[in-house]
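Peer 1: Got a structure here, written out as structure tokens. Questions coming.
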Amino acid sequence: MSRDSSQGVRDRIIAAAVELLHERGIHDLTQARVSALAGVRQSHLTYYFPTRNALLQQAVISGVASVLEAFDAVIKRPAVTLEQLFDVLDLQLTDRRIPRMMAALVVASEEDPALKPWLERFEVDMQEHMVRMLRACGLQPPALAISLYHATLVGALQLDLAAGTAASRRRLRTVLRAAFDTLVAAG
């Protein structure tokens, strides 16, 4: 198998896993479903990803890449306003696909504790992205303020995901705005 076709198969498998996680959650992330959606044999899937958790890690990395790209685009702007930053955060973080993937990671880490250190590093990386975005706006909130914002964000996103209603979506946006304003005041 050539490098290009090998990478193509791997990419199709990851894309199928991301789609399943986004649409249905961790319980539908099975070898049979992923390989069928990717159009590959299960043996190809297990060649590239010997375990479901190896696939899950790559799916999450791929699934949040667009969010991180949007964040990085904000950082590269010459003069970023707080409202522009909030608008990007609001747009990217109120998409229920992201909390669904994060819930999948939490569930998987309960099944396989070896995932816990990876999940912790992943969360630290997310917070570091947040710090870079805030610095692009001239803010330097203390580490505790970042941690509190992040915890509020994760909790609010998961509560909205669990409820899945218009009212929970409105509550999420209200909480995200209040948490953001508190973070800005700390910075």
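Values quoted throughout were computed directly from the atomic coordinates according to the rules given, and no laboratory measurement underlies them. The structure displayed is predicted, hence computed values, not measured ones. Here Cβ is always computed from backbone atoms with ideal geometry, including for glycine, and neighbour counts include all displayed protein chains.
Peer 1: Counting other beta carbons within 10 Å of each Cβ, put SER5, SER109, SER66 in order, fewest first.
Peer 2: Details: SER5 9, SER109 18, SER66 13.
Going from least to most buried by this count: SER5, SER66, SER109.
Peer 1: Where does helix 97-111 land angle-wise versus the long Cα axis of the chain, in degrees 0 to 90, nearest 10?
Peer 2: 60
Peer 1: Starting from a Cα-only point model with no solvent, please compute log10 I(q)/I(0) by Debye for the range 1-50 at q = 0.14, 0.16, 0.29 1/Å.
Peer 2: Scattering profile of the range 1-50, log10 relative to I(0): -0.30, -0.39, -1.09.
Peer 1: Do any trypsin sites (Lys or Arg not before Pro) in the range 16-89 lie in a loop, going by DSSP, with at most 14 other beta-carbon atoms within 10 Å of their beta carbon, and if so which?
Peer 2: Working: sites: ARG24, ARG33, ARG41, ARG52, LYS76; in loops: ARG24, ARG41.
In loop regions of the range 16-89 (DSSP not H, G, I, E or B), the sparsely surrounded trypsin sites (Lys or Arg not before Pro) are ARG24, ARG41.
Peer 1: Starting from the Cα of SER62, step 7 Å along the direction of its Cβ; do the same at ARG173; then give the gap between the two resulting points in nm.
Peer 2: Taking the simple label geometry, SER62 and ARG173 are separated by 3.2 nm.
Peer 1: When the chain is modelled as a GNM with alpha-carbon springs shorter than 10 Å, which of LEU21, LEU161, LEU115 fluctuates the most?
Peer 2: LEU115
Peer 1: How would MET126, MET101 line up from fewest to most surrounding beta-carbon atoms within 10 angstrom? It would help to have the intermediate numbers written out before the result.
Peer 2: On the way: MET126 17, MET101 22.
With the sparsest Cβ surroundings first, the list reads MET126, MET101.
Peer 1: Need the C-alpha centroid separation for the range 23-65 versus the range 117-165, integer Å.
Peer 2: That distance is 26 Å.
Peer 1: So what are the ³J(HN,Hα) numbers for the range 75-84, from phi and the Karplus equation (6.51, -1.76, 1.60; θ = phi - 60°), rounded to whole Hz, Gly and Pro as x?
Peer 2: Listing the rounded values in order: 4, 7, 5, x, 9, 9, 8, 4, 5, 5 Hz.
Peer 1: Sticking with this structure for a sec: Angle check, please: helix 3-23 long axis (alpha carbons) against the longest principal axis of the chain (alpha carbons), in degrees 0 to 90, nearest 10.
Peer 2: 60
Peer 1: Let me ask something additional. Any idea what angle helix 115-136 forms with the longest principal axis of the chain, computed on alpha-carbon atoms, 0 to 90 degrees, nearest 10?
Peer 2: Relative to the chain, helix 115-136 is tipped by roughly 40 degrees.
Peer 1: On the Cα set of the range 131-187, report Rg and Dmax in Å, please.
Peer 2: For the range 131-187, the Cα radius of gyration and maximum Cα-Cα distance read 12.4, 36 Å.
Peer 1: Additional query: With only Lys, Arg, Asp and Glu charged, each at its Cβ (+1 for the first two, -1 for the last two), find how big the charge dipole of the chain is about the Cα centre; round to the nearest 20 debye. Mind dumping the intermediate values first?
Peer 2: On the way: 21 positive and 20 negative charges, 50 e Å.
Dipole of the chain, to the nearest 20 debye: 240 debye.
Peer 1: Using the Kirkwood radius over Cα pairs, work out the Stokes-Einstein diffusion coefficient for the chain at 4 °C and 1.567 mPa s, in µm²/s as a whole number. Let's see the in-between values first.
Peer 2: Numbers: Rh = 17.7 Å.
D = 73 µm²/s.
Peer 1: With runs of 4+ DSSP H residues as the only contributors, calculate the mean residue ellipticity of the chain at 222 nm using -39,500 (n - 2.57) per run, divided by the residue total and rounded to the nearest 500. Mind showing how you got there, number by number?
Peer 2: On the way: 9 runs with 152 residues, N = 187.
After summing the helix terms and dividing by the residues of the chain, the value is -27000 deg cm²/dmol.
Peer 1: Sort ARG77, ARG97 so that the residue with the fewest other Cβ atoms within 10 Å of its own Cβ comes first and the one with the most comes last. Intermediate values should be presented prior to the final figure.
Peer 2: On the way: ARG77 13, ARG97 17.
Ascending number of Cβ neighbours within 10 Å: ARG77, ARG97.
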